[in-house]
1. Mind computing the radius of gyration and Dmax over the alpha-carbon atoms of chain A? Å is fine for both.
2. How big is the equivalent ellipsoid of region B:157-226 along its three axes, where each semi-axis is √(5λ) from the Cα gyration tensor, reported in whole Å from largest to smallest?
3. In nm², what is the average projected area of the convex hull enclosing the Cα atoms of region A:78-139?
4. Quick one: net charge of B:GLY235's neighbours, Cβ under 10 Å, K/R +1, D/E -1?
5. Points 7 angstrom from Cα along the Cβ direction at B:LEU43 and B:THR175: gap in nanometres?
6. Between region B:85-145 and region B:49-81, what is the C-alpha centre distance in whole Å?
7. Which residues does a label at B:ARG131 reach in region B:195-210, if reach means a backbone N under 18 Å from a point 7 Å past the Cα toward the Cβ?
8. Go ahead and collect, in residue order, the members of region B:105-139 whose backbone nitrogen is under 16 Å from a label point 7 Å along the Cα-Cβ direction of B:ARG196.
Amino acid sequence: MFSVNGGTVTALQDISLTVRQGEFVSIIGSSGCGKSTLLRIIAGLETDYQGTAQFEGEPIRGTGLDRGVVFQEHRLFPWLTVRQNVAFGLGNSTSESDWESVDEHIDLVGLNGFEHAYPHQLSGGMAQRASIARALANRPRALLLDEPFGALDALTKIQMQEEVLRIWQKEKATMLLVTHDIDEAVFLGDQVIIMSNRPGTIKKIIPVDLPRPRDRGSYEFTQLRSAIYAEFFRQEDKPFAYAI
Amino acid sequence: MSNSHEQTQESLVTLTTADVEAVRGPTPSPGFKLPRQLLGLVLPVLLVIVWELLARAGILAANWFPAPFAIADTLLELMRGGELARHIAYTLARVLTGFLIGALAATLLAGVTGSMPLVRRLLDPTMQALRSIPSMAWVPLFLLWMGIHESSKIALISVGVFFPVYLNLLSGILTVDSKLVEVGQVFKLDKLQLVRRVILPAALPSYLVGLRSGLGLGWMFVVAAEIMGASRGLGFLMIDGQMTGRASVIIASIVLFALFGKLTDLVLEQAGNRLLGHRGVVL
């Protein structure tokens, strides 16, 4: 579905990545490895780079309604209600069926009852839900999530991961998640793309063949998590290696 | 003391529910309690009382520093003939006309310079230079150009209103959160939609701040305009009081300026809070 073949970009080098339709792909890397840049190229927010990026066979020339974006901050418009924010991307003349889509997606993210609340009245998790609904209301073909839960507390984060999984299964949109959380990457992704730092490049692609819903405590899950952990920290640096 | 030290060694932090309650909010003090909004009135009322007492005791000279009751008398006397209402109407009309002209021009210009970088680079340095001219310096020029009639007064007020509105709106437009603009881009808004749906609403708080300080300057300038030459208006009333040696008339005019300045500001403040209240912003 996507393919990005990179020459040298300020942040990325020799990236070659293809995402299939309906797939959930996690991209993981330490901060500054260019994983967000990669996502922004696919979103069409970065256009100044060498290489080719395609979406559904067409070169990406800018942003498009076929790609929804959820940022780390909720980025809701403070002067609009939740419902108006979710409807933002539907244009000026929101039709009856558009409003149906809006309400359906408010429902989907579990914000019913908060349609007329303003962003400052929402908690961090609720605001991020609204921002997911806004990105989905246009029914994009792909949803790009740029560290969407990075600013949430640990408990809300786990809850939101489960929500996103449910939404992915229901909406059947392709999802591309950028994260620095190993657990999150394994819990959600069909494959986990590990990026390395300086130059920002793909180090390894690890398929996750575990059935969903995934048990974070299961042997296979922890094995995968350790394997990815080992990609970032050499074996002898592993803090628990001798502590057990 | 040694006892409490032993306690801290056992447990570093000890909290009981009573402590938590105390942190949540101060318990209301029993007895008489003044509403918070009225608290600001305490000092002025006290001052007026002291003033009145000093005047009655003959410590303040009646012709230089008339007592509050004497000023109220003057106000009543002026009101009786309908003369005062006419002065107020003239001043209000001047402030509002000047305000509307100045604010409108500032809004249009800031809209243009804010959205077109080329025009901004061309125009903004000149605006910044004009801004640093003390506004009273325009007075002789406006008098020369437009004479002593209404137009020179309104022009002066407009100039005063113009700059705060222009500067605040422009900085509001230029400092719009680029992250919100990016959301507009993600949803493929064209330039005009971006301005209307993202940039203008985002700049609204600083615009309102600009309008309020513009109005404040408008009141300042109407005094100057009416002092420099007028036959009606509160500023004229002050000059008249000075010429005829009636301090009470001057002070009565000052009180009226304060009153109407505050009232018009209140209108803007309320309108602003109505517009911004749902953002969790208070002007």
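No value in this document is a laboratory result; all are computed from the given coordinates. Here the structure is a predicted model, which is why all the values come from computation and not from measurement. Neighbour counts are summed over all protein chains in view; Cβ atoms, including those assigned to glycine, are modelled from backbone coordinates with ideal geometry.
1. Final numbers for Rg and Dmax: 18.4, 63 Å.
2. Numbers: eigenvalues 215, 17, 10 Å².
Equivalent ellipsoid semi-axes, largest first: 33, 9, 7 Å.
3. Working: hull surface 14.8 nm².
Quarter of the Cα hull surface area: 3.7 nm².
4. Values: positive: B:ARG94, B:LYS153, B:ARG232; negative: B:GLU226, B:ASP240.
Once positives and negatives cancel, what remains is +1.
5. With each label placed 7 Å out from Cα toward Cβ, I get 2.8 nm.
6. 39
7. Residues B:203-210 fall inside that zone.
8. Counting only backbone N, you get no residues.
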